[in-house]
Amino acid sequence: MAKKKTSKNIPLPILILICAVLLFAMYTSVSTIALAIWGDSVMGTVDSYQARLNHTNAGPNRSRTVSKGYWFMANGKEYRGYVIYGSDEAWPSLDEGETRDQRIRYLGFLPYVNKPAMLCEFSEMGEVAIIYHILAPIGYLLLLLLVIRTARRGKKKKLAARKPAAPQIIEQRSDTDMFCPNCGNKLSEGAAFCSSCGAKIQANAPGVCTVCGAELPEGAEFCIGCGAAINLATPKPVEPRQTATPTPSLGGAGLVGFSDRCNSPEILAAAQKNKKSSIGCMWILVFVPLIGFPIAGLLIDEMPFGESLVIGVGIAIVMLIVNLLALWRTKQPMWEGVVVNQYSKEKSEHRGGEDDNYRTYTEYTTIINTDAGKKKTIVEKDSGRHMYDYLSVGDRVRYHPRFGTYEKYDKSKDRIVYCNVCTMMNPIQNDRCKRCNNLLFK
């Protein structure tokens, strides 16, 4: 009995439930941190309270499940809230009509986001809870992306399996079909010569002249219609005529002209690898300040936690925007242009500290006018003036956005060539980069 194949796709109701749970968990942690930093405090009224003991052997912390309903006034309007949390508090239950006062924190611009102050103030939560609420949204977001990606991958496989295969048309040879024995070309019925290679065709039916198609009497050695000799053996194939075809040029063979190696599978794979590395570096630059500054605020007394958290979030947002812009530039179209000007200029910058702590450096500028009429500028400093030395006024260049590098049109007079993947300088006779082993654009 054949084993039934089980489906690995996530059912839609389960997928929706998982996403809803992860989004709610993200909202809980993000709202807690937001209330701790930007929340306003007001005295509210608790009108429902229950504390259920989980089990008798539980520790002092998280030993009870507390459910609490409350209301408060903000901006002249009444708002209600309800929370469930684990705690060791054991307040007595409220009788009907009985209330209890408690401080509530809420967002001034969105009072519907609110919690009891004891659940969202840094002084009440503790260091472990603060770190948890900072890191938890990141983990939940990664899990959500993983679930969505898995579901989409399963959907694509399902659609590919359902897609009907293209019907295969098998051409069957009938008795009336004729094919050239030399080149395999299909022949029309009664043809004496192949229209493709010119080979003489032996008719399938016996007693028929292969030259004129006249019927032959039995035992005849010559055709009674055209006088041609009858040869029952298979005719010698006629050599097909050779037509001269231009030999395709190999990419990188010459030193004049832009290389076509930028579209080779090896270079495209290197570009994809660089993109993945850039995305990995982007997340590192985002998460390091986002996590490091709050931890520093917990460990260093001179740095308030609220300020350190705001600084960390601000730096993380700036890093995210900068890296997203860099990734966006890699998707821009390739352009070509001509170097129209080059110049250098002495500049100075303040290095911090004392007022007279300045550093003098030389700035090298290369200006390129693109074929679209736009102006592009390459700015380099001091010993990093690679393109300033490599390019000259009048040179035609191509910009490769995948790597952020430039390629010169005429390399015939150069002794070096730069790798467009890793920017390493190589001798002009090299075919591959001596650092990354990728093909050189030449």
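The values are calculated or read from the model by the stated rules, or taken from the named source; none is laboratory data. Note that the coordinates shown come from a computational prediction; the quantities given were computed from them, not determined experimentally. For neighbour counting, all protein chains shown are included, and Cβ atoms are generated from backbone atoms with ideal geometry for every residue, glycine included.
Only residues that are of a type outside the set (Gly, Ala, Ser) and at pLDDT below 90 were counted across segment 60-83, and they come to 7. Kindly indicate whether any position in segment 321-342 is over 37 Å from the mean Cα position of the chain (by Cα) and not assigned by TED's automatic domain parsing to the domain that holds Cys120. So far as segment 321-342 goes, no, none of its residues is over 37 Å from the mean Cα position of the chain (by Cα) and not assigned by TED's automatic domain parsing to the domain that holds Cys120. Within segment 344-362, if we keep just the residues that are free of Cβ contacts under 8 Å to residues at least 40 places away in the same chain, touching a Phe, Trp or Tyr at 6+ places or on another chain (Cβ under 9 Å) and part of a strand (DSSP E or B), the residue that is nearest to Lys408 (Cα to Cα) turns out to be Lys345. Note on segment 293-340: residues that are within 30 Å of Val397 (Cβ to Cβ), among the polar types (S, T, N, Q) and surrounded by 12 or more Cβ atoms within 10 Å (Cβ to Cβ) amount to 2.
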